[in-house]
Amino acid sequence: MIMAATFLFLTGAVLAWRFRVWILVPLCLLTIVSTLLLQLWLDVSALTACGNGFLLGVALQIGYGFGAVSRSALSVRFKQRPALEQASVDSPYEQSSVDGTR
C-alpha cells in the first residue's frame with residue numbers, strides 16, 4: 001500500500017509537468033476503482049477497500065499539487081537568469097557602426 005501510494009504520488013508529480021488538472025479526473029477514478037476491485041478480490045472488507053482506494057486517489061492528487069508547485073517555483077527561478085540564447089557568441093567581436101547597426 002505504501003509503495004502504491006509513493007508510486008502514485010510520483011506519477012502525479014510527473015503528470016503536473018505535462019498535463020492540465022483535468023487529467024486527474026479519469027486517473028483518480030481509475031485508481032479508486034482498480035484498488036477497490038483488487039482489494040475485494042483479495043478478500044479485504046469493503047470499507048477498508050474503499051478507504052484504500054480513496055487514499056491512493058488522494059496520493060495522486062497531492063503528487064500533482066507538489067509537481068505543479070515545484071514546476072512554478074523552478075520556472076520563476078530560471079526566468080530570473082539571463083537567457084543564453086539571446087546573446088550571440090560572436091557579438092563581443094562584431095563592430096557596430098555609429099548609428100548602432102551592425
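Structure notes:
- A13 being small (G, A, S), part of a helix (DSSP H, G or I) and free of Cβ contacts under 8 Å to residues at least 40 places away in the same chain: no
- Applying the condition of being part of a helix (DSSP H, G or I) and more than 11 Å from G57 (Cα to Cα) to region 18-35 and asking which residue is farthest from the chain's Cα centre (by Cα) yields W22.
For (1) of a type in the set (V, I, T); (2) at pLDDT 60 or above, each residue gets a yes or a no:
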site	(1), (2)
C50	no, yes
V58	yes, yes
Q61	no, yes
R71	no, yes
S75	no, yes
K79	no, yes
A83	no, no
S88	no, no
P92	no, no
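- For region 41-48, the criterion of being assigned to a helix (DSSP H, G or I), surrounded by 12 or more Cβ atoms within 10 Å (Cβ to Cβ) and free of Cβ contacts under 8 Å to residues at least 60 places away in the same chain is met by none of the residues.
The values are calculated or read from the model by the stated rules, or taken from the named source; none is laboratory data. Please read these numbers as outputs of a predicted model, since none were measured by experiment. Note: ideal-geometry Cβ built from the backbone for every residue, glycine included; neighbour counts use all protein chains shown.
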